[in-house]
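Student: Right, I'll just put the structure down here and ask away after.
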Amino acid sequence: MKRFLKRTAILAAFICAALALLFLFHASILRCIGNQLIDDDPIEKTQAVFILSGDAWDRGNEAIKLYKQGFAEKIICTGENVPRLFLIAGIPYPESELTQLHLLSNGIPACAIELLCKGTSTKEEADYILEYCRQQEIKNLTIISTKFHTRRIGNTFRKKFEDAGMQLLIHGAPSSAYNESEWWKSENGLIFVNNEYIKILYYWMKGY
């Protein structure tokens with residue numbers, strides 16, 4: 001009995017110590033969890049910049065910045081999904097056209113924008129962008145998406161583009177809905193990080 005009580009006390013002390021450490025260092029641990037989702041490259045000028053669908057505002061803003069800084073001459077907006085709110089309002093605008101409108105309203109000339117109204121997922125967009133680059137003889141390109149999306153983009157895009165002899169750069173746009181360094185303090189951050197890890201697991205299981 002004494003032996004059992006001693007082991008129980010040791011176990012309880014260990015659990016309390018672990019909980020205390022988690023409490024003291026929770027910010028660093030959670031920040032590391034978020035940082036694992038980021039896999040972007042130093043920005044360089046490339047032949048084309050592709051904006052992935054899913055967030056016309058933040059990703060579009062980053063493309064606007066790159067264009068005005070001279071890193072982009074040609075911007076391609078992707079995505080065929082129509083946002084649900086647009087469906088309710090009866091506006092048949094796919095995400096690619098919504099991103100295009102955002103670029104135009106911020107001074108990007110129409111001649112610098114192209115539409116690739118294809119793709120309903122990261123996997124599909126990777127395939128369509130690769131096909132587009134082959135047809136247009138694009139050898140180096142930049143992909144823009146949300147910072148916490150870049151790890152999965154890298155897993156999905158990098159090998160197939162390298163195998164095709166293309167230089168691929170991935171650039172992460174900061175979110176306006178949460179702070180990446182304190183993502184757990186925002187409901188939007190909690191949802192995005194949770195969903196992204198689930199999607200990474202799903203893509204790994206599917207072999208994408």
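The values are calculated or read from the model by the stated rules, or taken from the named source; none is laboratory data. Quick caveat, the model's predicted, so the values are computed rather than measured. Cβ atoms come from the backbone with ideal geometry, glycine included; neighbour counts cover every protein chain shown. Ligands, DNA and RNA are stripped out before the accessible areas are found, and what is left, the full protein with its side chains, is counted by its heavy atoms. Shrake-Rupley method; radii C 1.70, N 1.55, O 1.52, S 1.80 Å.
Student: From the list 38, 91, pick out the single residue that is in a loop (DSSP other than H, G, I, E, B) and modelled with pLDDT under 90.
Tutor: Of the residues listed, the single one that is in a loop (DSSP other than H, G, I, E, B) and modelled with pLDDT under 90 is 91.
Student: Check 103, 98 and return the single one that is over 29 Å from residue 198 (Cα atoms), within 22 Å of the chain's Cα centre (by Cα) and in contact (Cβ under 8 Å) with a residue 40 or more places away in the chain. Explain how you work it out, then say what you get.
Tutor: Numbers: 98 fails: over 29 Å from residue 198 (Cα atoms).
Going through 103, 98 in turn, the sole match is 103.
Student: Pull up region 51-93, narrow it to residues that are without any contact (Cβ under 8 Å) to a residue 24 or more places away in the chain and under 26 Å from residue 131 (Cα atoms), then point me to the one that is least open to solvent (accessible area, probe 1.4 Å).
Tutor: Residue satisfying both the conditions and the ranking: 83.
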